[in-house]
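The values are calculated or read from the model by the stated rules, or taken from the named source; none is laboratory data. Quick caveat: nothing in here was measured; it's all calculated off a predicted structure. Positions of Cβ are backbone-derived with ideal geometry, glycine not excepted, and every protein chain shown enters the neighbour counts. The protein model used for the area step is the full one, side chains on, heavy atoms only, and it has no ligands, DNA or RNA in it. Shrake-Rupley method; radii C 1.70, N 1.55, O 1.52, S 1.80 Å.
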Amino acid sequence: MDLSIVDLSPVPAGGTAADAYANTVAAAEQAERLGYSRFWVAEHHGMGDHLAGTTPEVLLGRLAGATDSIRIGSGAVLLNHYSPYKVAEAFGTLDGLAPGRIDAGLGRANGSPASDRALGTDRRVENPDEDHEERIRAVVNHLYDAFPDDHPYADLTVPRSGAAPPVPWVLGSSPSSAAIAGKLGARFCFAAFIRPNLAERAFETYREQFEPAEIGDGPEEPYGMVAVNAVAAETDAAAARRRAPAEATFKRMQRGVVGSIPSVEESIAELGGAPEPTPATLDADEWPRAISGSPETISGLLEQLADRVGADEMMIQHTVPDHGDALESHTLLAEAVGLEGVDR
């Protein structure tokens, strides 16, 4: 199984953004050694005191210099905030820094009214799906120099390495984003840690709508990845404890509380006890928001979820406050699915 990581650059307790970025770089370096396929970084706004991942195109420049072979990309650039041309220029520049190994993960999300206003984002778009599709199409046209000769942007160029251009991915957590990915013939990544109950419907929509892309490096057949919140430890019980911050964070979000990731001890206290281990076999209609387990258990869970939607790859997102625990989990996950790298 091809396995990848998306990193949110959480600010550690008592730390700063500098610590968060150092941890992200260390995680990317480890992911390359372990044999992970991709390492993506996220974009969140207005939460810089606890999530430092605000500007993936900047952080990816640092990761380009810290790695040699792993694909790196955005999970995602929130395209509703930006000019498609500027996004294409940024990813063309990244291709120059890491030739042939850039993924342009393109998504959308609104933040708080204040952060959207500060970003200059129009929250009253008449047809959000059409707008998003047009923006993605424009990014791809810029990246692949594919505008028709009579188009106003035909003479605009972006930096290039001469190797394979950045590969576009459509990222989302809904069937509407899946439909856009299908119509554009793009690779699709579904964020199951946000809306796991929509995963199967989203992939059905993606396949129903899929048409091979006329431009860009699109696949001939539907190609999808699922991002799941997953954590591993030596035993199922230890992994369930390590999953506690993810469960507590979700409970906080339901109450409208957003902040730093609570420690394992804080999380268990808030939850009234450690979570039960994730069952080794999930019910047919069961798709947990977060999963955990020993290497044997977690490998089986990832296979079950991949098979359920026919995913070609899986991606790991986690909510682990301790950086050492996060790296250990990545090592165990790599061992679980048989990645061939070595972490020394």
**Q.** Spin-label pair LEU156/SER263, simplified geometry with 7 Å Cα→Cβ offset, distance in nm
**A.** 5.0 nm
Q) Once the convex hull of the C-alpha atoms of the chain is built, how many Å³ does it hold per residue, rounded to a whole number? A) 135 Å³
Q: Would you mind pulling out the separation of the Cα centroids of segment 169-207 and segment 240-295, in Å?
A: 24 Å
Q.
Using a Gaussian network model on the chain with a 10 Å cutoff between Cα atoms, which of GLN30, GLN254, GLN304 fluctuates the most?
A. GLN254
Q) For MET315, which sequence-distant residues (separation of 5 or more, or a different chain) have an amide H within less than 5 Å of its own amide H, given hydrogens modelled in the peptide plane? A) SER4, VAL226, ALA227, VAL228
(Q) Output wanted: per-residue J couplings in Hz (rounded whole) for segment 3-18, from phi through Karplus 6.51 cos²θ - 1.76 cosθ + 1.60, θ = phi - 60°, x for Gly and Pro. (A) 10, 9, 10, 10, 10, 9, 6, x, 7, x, 4, x, x, 10, 4, 4
Q: Quote the accessible area belonging to LYS251 in square angstrom, nearest 10, computed with a 1.4 Å probe and with ligands, DNA and RNA left uncounted.
A: 100 Å²
Q: Over segment 1-57, average the accessible area per residue using a 1.4 Å probe and give it in Å², no decimals.
A: 34 Å²
Q.
I'm checking a number: the convex hull volume of the Cα atoms of segment 267-309, normalised per residue, in Å³. What is it?
A. 80 Å³
Q: In whole Hz, with x marking every Gly and Pro, tabulate ³J(HN,Hα) for segment 145-155 from phi via Karplus 6.51 cos²θ - 1.76 cosθ + 1.60, θ = phi - 60°.
A: 6, 10, 5, x, 4, 8, 7, x, 9, 4, 8
Q) Going from most exposed to least, what order do SER174, SER74 have by accessible area with a 1.4 Å probe? A) SER174, SER74
Q | If the convex hull is drawn through the Cα atoms of segment 111-260, its volume per residue in Å³ | A | 199 Å³
Q) Once phi is turned into ³J(HN,Hα) by the Karplus curve 6.51 cos²θ - 1.76 cosθ + 1.60 with θ = phi - 60°, what whole-Hz value does each residue of segment 211-220 show in order, with x for glycine and proline? A) 9, x, 5, 7, 10, x, 9, x, x, 6
Q. So, with a 1.4 angstrom probe, what is the percent of accessible area on the chain that is carbon and sulfur?
A. 48 percent
Q) Per-residue ellipticity at 222 nm for the chain, helices alone: DSSP H runs ≥ 4 residues times -39500 (n - 2.57), over residue total, nearest 500 deg cm²/dmol? A) -13500 deg cm²/dmol
**Q.** Heavy atoms of HIS132: accessible area, 1.4 Å probe, square angstrom to 10
**A.** 0 Å²
**Q.** √(5λ) per eigenvalue of the Cα gyration tensor, segment 204-335, largest first, Å
**A.** 30, 17, 14
Q. Could you give the nm distance between label points at SER83 and ASP217, where each point is 7 Å from its Cα heading toward the beta carbon?
A. 2.6 nm
Q) Given the protein chains as shown and a 1.4 Å probe, how many square angstrom of LEU332 are accessible, to the nearest 10? A) 10 Å²
Q: Skip the ligands, DNA and RNA, and give the accessible area per residue of segment 92-228 with a 1.4 Å probe, whole Å².
A: 49 Å²
Q: Can you sort ASP285, ASP307, ASP236 by 1.4 Å-probe accessible area, starting with the largest?
A: ASP285, ASP307, ASP236
Q. What dipole magnitude, in Debye to the nearest 20, does the chain give about its Cα centre under +1 on Lys/Arg Cβ and -1 on Asp/Glu Cβ?
A. 840 debye
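Stick to Cα atoms and the Kirkwood definition of Rh, then tell me Rg/Rh for segment 1-134.
When Rh is taken as the Kirkwood radius, the ratio is 0.98.
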Q. Out of every Cα pair in segment 1-44, what percent are spaced more than 15 Å from each other?
A. 43 percent
